[in-house]
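Derivation of every value follows stated rules applied to the coordinates shown; laboratory data play no part. Keep in mind the model is a prediction, meaning the values are calculated, not measured. A quick note on method: Cβ atoms are made from the backbone with ideal geometry, for glycine too, and the neighbour counts reach across all protein chains shown.
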Amino acid sequence: MSDLLTIRVRLAASAERVWRALTDPAELRIWFAEHAEVELPHRYAFWGRYTPEGDAPHQRLLHADDHTLRFAWLLGGVETTSELEVTPQGEHTELTLRQSHFVFSEALDGSTIRGVLQTWWSLALANLNAHLEGRALLPRTDFTSADLRGELVIDAPMDRVWTSLTDSEQASAWFGYPIGIEPWVGGRYAMGGFDAGYAAKVVDLEPGRKMSVDWGPTGVSTWELAESAGKTRLTFVQSGFDETNPPYAAWSGSVSGLSELRRFHEVPDWQPIWLADELPAASATS
């Protein structure tokens, strides 16, 4: 049975500014998709390598007013429905994404392209926020490639970033989901905490600099830190998976989670952008 996926985010921009970022094709081509065409109320289309099945536009606009977009989106031979709703909240704006035909088991087994919807939307909304805040974008998922690697510069010293990556309490805070971490080779890396019943395994660790975690079928995640002009350059790579079926859902989830790692270090009085009870990226990384 498919579920209605709902993701809510708090954006530090006016509703008018958020709406422009969602509907201006030039802005969409910066933070969202390689190609975009918008002519409201008749057309809302996006495609390209950063879009699931992005060989051509597969969207059909169903509704548009001054605060809501709703479009049909053909994915894996099934017509899904996506809705974006913008709601002013004082100096901030709440953006709600509703997506039909999301099946959690498909996110885990990669059996259909629709399994990427939760984490793909999470990464897209994290990049919308980065765009609005004037930050560098997170690496977008290239659905034409099995090379899953990226870099992120964080305005904080290496030792602080390392602690936030390897300390269970800090990692749980910025990721928005309980994480149990034993930071040594052979230690557990448990999404949901140590009592969740499943844990990945730390397979390589250089204290203060590098850690690799084996997730099984989705491969090995490696985080490596380097000093960069007083900041920290974080390089992250997914490897060791079946390259005929890249774990795009898990990759997008990992990258979208790192958006809050950067904000955790850089934003005074930090609060996460996610308003849902659970960080949207959490489920597909385990």
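Based solely on its DSSP helices, what 222 nm [θ] is calculated for the chain when runs of n ≥ 4 H residues each add -39,500 (n - 2.57) and the sum is averaged over all residues, nearest 500 deg cm²/dmol?
Rounded to the nearest 500, it is -8000 deg cm²/dmol.
Describe numerically, in nm with one decimal, the distance between label points set 7 Å from Cα along Cα→Cβ at Glu53 and at Asp109.
Inter-label distance under the simple model: 1.9 nm.
If I compute Cα extents along the principal axes in Å from the structure I just sent, which labelled value in [x] 57, 45, 29; [y] 55, 40, 32; [z] 54, 46, 36 lines up?
So the structure-derived entry is [y].
Can you work out ³J(HN,Hα) from phi for every residue in segment 183-200, in order, using Karplus 6.51 cos²θ - 1.76 cosθ + 1.60 and θ = phi - 60°, giving whole Hz and x for Gly and Pro?
Working through the residues one at a time gives x, 8, 4, x, x, 8, 10, 10, 5, x, x, 5, 8, 6, x, 9, 9, 6 Hz.
Taking segment 159-197, which chymotrypsin sites (Phe, Trp or Tyr not before Pro) meet the DSSP loop condition and have no more than 13 other C-beta atoms within 10 Å?
Those that pass, being in a loop and sparsely packed, are Trp184.
Would you kindly derive the ³J(HN,Hα) couplings of segment 135-143 from the backbone phi angles with the Karplus curve 6.51 cos²θ - 1.76 cosθ + 1.60 (θ = phi - 60°), listing them in order in whole Hz, with x for Gly and Pro?
Rounded to whole hertz, the list is 9, 4, 5, 6, x, 7, 6, 8, 6.
For the chain, list the DSSP H helices whose alpha carbon atoms reach 20 Å or more along the long axis and whose average Kyte-Doolittle value is -0.5 or above? Could you put the intermediate results ahead of the total?
Values: long enough: 117-133 (24 Å, 0.23); 248-266 (27 Å, -0.38).
TM-like helix candidates: 117-133, 248-266.
Using the crude model of +1 on Lys and Arg Cβ and -1 on Asp and Glu Cβ, and no other charge, please compute the dipole size for segment 3-133 relative to its Cα centre, in debye to 20.
Dipole of segment 3-133, to the nearest 20 debye: 60 debye.
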